[in-house]
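Novice: My questions all concern the structure below.
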Amino acid sequence: MKTVLKTFYKTKTKTKTKTKTKTKSKSKTLGKAVAAICLMASIFSASYASAITALSVSAKASLVVSAKASVATPTVTPAATNSALLEIKEWQVPWPKTRPRDPAVDSNGVVYFCGQGGNYIASLDPKTGEFKQFTLPDNTHPHNLIIDKNNMIWYAGNRNNHIGKLNPVDGSIEKIMMPGKIEIDPHTLIFNKQGDIWFTAQWGNQVGRLTTSTGKVDLIDMKIAHARPYGIKMSAQNIPYVVLFGTNKVAKINADELSFSLIDLPDANERPRRLEITSTDLLYYLDHKTGYLGEVDLNTEQITKYAMPEGNKAKLYGSAMDSNNRIYVALTGTKPVKIRVFDSKTKQLIAEADVPSGGGSVRYMYYHQASDEVWFGSDANTIGVIKLIQQAKD
């Protein structure tokens, strides 16, 4: 399965850094906002003078002021490459139509995944092909899982308001219920460097932190209607970043204050669904609606957009990043689903392959560093693994 890429476009734009202010009174806030707009107008060049300034309320009642410029976005066509091959292997899950998804690998090489439609967690031993199922509490419908250093399985109880800790040795489950009177939907989980869990709740419109040693849960209200916090990743500085799928924004979480600030993406039509963050502080977001792989330099907030040849039909969804900062993306708008690899160093697409089963949809991918492989689940009721093979140069 060789990569053949004929078109690949890059567009550039730039956003300016936002600033935070405290709200004291309506009149003072309005006066400061007007002054800030005037100041920015005097600094920006003529091409920036028509910029629209947006005010968005964040947690802790702080204001995030973002300026966005209306600048042309030139496109270029970089040289196509086929410098690597992708090998994909899939296993058919024995429980039909259960939407296997969001796999992770433990220290023994055993793969665990969610059976969202079947209300279970299951394991796959890739060496033997053996599956094992763990039943969950009624109406859990797990959305995502992660595995800690002790091989405990932490999962998102998407439909019954909890995060669970499954012991795969005896099948026992500890449930951590979400606080508050209104039930929410734990969605995607990630560990920070302390071993605590940050997570999103898409329809609950919140981002949360679970302190794993105590079971304490803190929640941050997005304060933006229909923000839909979706994918979440940690930066090298241990900062959580969240893409807000209902908007064209990325949230940067302040863990100490339990607040957030916003990065506006340049196109109001963009809908970021997943993200990856490189060791060099480049945040890549998958724009599900318009078909771009966006790059945000977290130090300068400069944004570069790389368009898939399929345009808005790409429907970028699942993603993963390997130890060489190469980004794996799933194009779920193609039939069959395609896996494509973007090299963040060369800014080129270096490999692609069709999912053998067709895929249906690939919603999430996971990189296992020890084996240098990427795992995924598909709506074709499979669990799959991807291996990137570098070709020898002539």
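Novice: Would it be correct to say that Leu262 is in the same structural domain as Tyr366 (by TED's automatic domain parsing), in contact (Cβ under 8 Å) with a residue 60 or more places away in the chain, in a strand (DSSP E or B) and among the hydrophobic types (A, V, I, L, M, F, W, C)? Explain how you work it out, then say what you get.
Specialist: Numbers: in the same structural domain as Tyr366 (by TED's automatic domain parsing): yes; in contact (Cβ under 8 Å) with a residue 60 or more places away in the chain: yes; in a strand (DSSP E or B): yes; among the hydrophobic types (A, V, I, L, M, F, W, C): yes.
Judged against the criteria, Leu262 is a match.
Novice: Looking for whichever is buried (at least 23 other Cβ atoms within 10 Å of the Cβ) and either more than 27 Å from Gly291 (Cβ to Cβ) or modelled with pLDDT under 95 (or both) here; the options are Ile239, Ile220. Which one fits?
Specialist: Values: Ile239 fails: buried (at least 23 other Cβ atoms within 10 Å of the Cβ).
None of the other options fit; the residue is Ile220.
Novice: Residues of the range 281-295 being surrounded by fewer than 24 Cβ atoms within 10 Å (Cβ to Cβ), free of Cβ contacts under 8 Å to residues at least 60 places away in the same chain and on the phi < 0 side of the Ramachandran plot, which ones? Break it down stepwise before answering.
Specialist: First, pick out the residues of the range 281-295 that are surrounded by fewer than 24 Cβ atoms within 10 Å (Cβ to Cβ): 281-283, 288-291, 295.
So of that shortlist, the ones also free of Cβ contacts under 8 Å to residues at least 60 places away in the same chain come out as 281, 283, 288-291, 295.
Answer for the range 281-295, where residues must be surrounded by fewer than 24 Cβ atoms within 10 Å (Cβ to Cβ), free of Cβ contacts under 8 Å to residues at least 60 places away in the same chain and on the phi < 0 side of the Ramachandran plot: Leu283, His288, Lys289, Thr290, Glu295.
Novice: Still on this structure: Can you find a residue that is modelled with pLDDT under 95, more than 26 Å from Ile146 (Cα to Cα) and either out of contact with any strand residue (DSSP E or B) (no Cβ under 6 Å at 6 or more places or on another chain) or not in a loop (DSSP other than H, G, I, E, B) (or both) anywhere in the range 328-341?
Specialist: Within the range 328-341, none of the residues are modelled with pLDDT under 95, more than 26 Å from Ile146 (Cα to Cα) and either out of contact with any strand residue (DSSP E or B) (no Cβ under 6 Å at 6 or more places or on another chain) or not in a loop (DSSP other than H, G, I, E, B) (or both).
Novice: Ok, one more. Do you know which residues across the range 114-156 are touching a residue at least 60 places away in the same chain (Cβ under 8 Å) and either touching a Leu at 6+ places or on another chain (Cβ under 7 Å) or in a loop (DSSP other than H, G, I, E, B) (or both)?
Specialist: Selection gives Cys114, Pro126, Asn144, Asp148.
Novice: Now for a separate question. Just give me the residues in the range 301-327 being farther than 19 Å from Lys233 by Cα, assigned to a loop (DSSP other than H, G, I, E, B) and at pLDDT 95 or above, in sequence order.
Specialist: Selection gives Ala314, Lys315.
Novice: Can you find a residue that is hydrophobic (A, V, I, L, M, F, W, C), more than 21 Å from the chain's Cα centre (by Cα) and not in a loop (DSSP other than H, G, I, E, B) anywhere in the range 208-216?
Specialist: Within the range 208-216, not a single residue is hydrophobic (A, V, I, L, M, F, W, C), more than 21 Å from the chain's Cα centre (by Cα) and not in a loop (DSSP other than H, G, I, E, B).
Novice: Just to be sure I understand the filter: pairs with C-beta atoms under 9 Å, separated by 6 or more residues or on different chains, first member in the range 213-238 and under 14 Å from Lys249 (Cβ atoms) and in contact (Cβ under 8 Å) with a residue 40 or more places away in the chain, second member in a strand (DSSP E or B) and among the basic types (Lys, Arg). Which pairs pass?
Specialist: Ile224/Lys249; Tyr230/Arg273; Tyr230/Arg274; Gly231/Arg273; Gly231/Arg274
The values are calculated or read from the model by the stated rules, or taken from the named source; none is laboratory data. All values reported here derive from a predicted model rather than from experimental measurement. Cβ: placed from backbone, ideal geometry, glycine included. Neighbour counts: every protein chain shown.
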